[in-house]
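What follows is a short report on a single structure.
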Amino acid sequence: MIVDVEATRSIRQAELGSTKTMLDRVRTRFDLHPERLIADTAYGTGSMLGWRVDRKIAPHIPVLDKSGRSDGTWSRADFEWDAEKDQYVCPEGQTLKQIRRNYSDPNRGPTNGGRAKYRALKLTCQACPSKQKCCPNADARSITREEHEDARQVARDIAKTKQYDISMKLRKKVEMLVTHLKRVLGLGRLRLRGPCGANDEFLLAATAQNLRKLAKIFPAPQQTRQA
Ligand code: SF4
């Protein structure tokens with residue numbers, strides 16, 4: 001059943017904002033507290049994952065990760081994160097640290113905006129047999145750890161579970177409903193203008209969709225003909 005709708009412009013940031021609005025609204029209106037939230041990669045940004053994990057909503061969402069490399073060299077995923085020691089460990093077993101000593105220059109420490117840079121020692125990388133596979137064009141390997149990386153890891157760990165596979169099948173079902181809204185109920189093109197008009201049309205279409213569903217769950221009793 002569709003329990004809420006919120007029309008937004010077709011901008012990712014606005015769509016993410018509408019998710020927060022709807023989650024708050026269904027909690028206030030219906031006392032609904034979802035344990036998990038299923039969505040596609042567009043909702044797998046660090047900030048959205050962080051927001052959900054903070055609110056104890058399990059993100060069943062593919063992580064939007066741009067750290068992959070197309071040149072065949074090792075990406076961040078090939079390095080092991082050691083939260084206790086605040087360091088990465090490379091495939092050769094060497095450590096990449098954020099700070100190795102106290103610098104007087106604050107720019108050498110953690111970077112701004114919740115991001116942090118972890119570096120391997122130049123001498124170690126220069127002598128490493130895997131340098132070509134790791135950082136062929138740099139003196140030493142460095143890795144940027146994004147803000148909300150812990151929440152991303154939560155989502156990555158969830159993605160390995162059986163429950164996640166079930167969630168992805170459920171997502172396909174919901175996407176079919178959206179396709180039905182567009183193709184059969186004509187929501188592919190809006191007739192009313194402005195955000196209020198869009199919201200009204202979404203609301204009506206969602207109501208029609210729910211009525212269809214209810215009609216399937218509770219079919220009308222068969223009329224028996226009197227002889
Ligand atoms: S180049 Fe450096 S970071 Fe990369 S695998 Fe070798 S020692 Fe580790």
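What the table below lists for this structure:
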quantity	calculated
Criterion violated by Leu190 - all others in (1) among the aliphatic types (A, V, I, L, M); (2) out of contact with any helix residue (DSSP H, G or I) (no Cβ under 6 Å at 6 or more places or on another chain); (3) at pLDDT 85 or above satisfied	(2)
Single unsatisfied condition, Arg101 versus (1) modelled with pLDDT of 85 or more; (2) outside the structural domain of Thr19 (by TED's automatic domain parsing)	(1)
Conditions (1) surrounded by 13 or more Cβ atoms within 10 Å (Cβ to Cβ); (2) under 8 Å from the mean Cα position of the chain (by Cα): number failed by Pro34	(2)
Test: Leu185 is hydrophobic (A, V, I, L, M, F, W, C), over 24 Å from the mean Cα position of the chain (by Cα) and at pLDDT 90 or above	no
Sole residue being at pLDDT below 95, within 13 Å of the ligand (Cβ to nearest atom) and outside the structural domain of Lys169 (by TED's automatic domain parsing), chosen from Glu80, Glu84, Glu92	Glu80
Of all residues in the stretch 59-91 being of a type in the set (D, E, K, R) and in contact (Cβ under 8 Å) with a residue 40 or more places away in the chain, the one that is farthest from Leu121 (Cα to Cα)	Asp65
Any chance Arg29 is in a helix (DSSP H, G or I), surrounded by fewer than 12 Cβ atoms within 10 Å (Cβ to Cβ) and not β-branched (Val, Ile, Thr)	yes
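The values are calculated or read from the model by the stated rules, or taken from the named source; none is laboratory data. All values reported here derive from a predicted model rather than from experimental measurement. Virtual Cβ from ideal backbone geometry, glycine too; neighbours counted across all protein chains shown.
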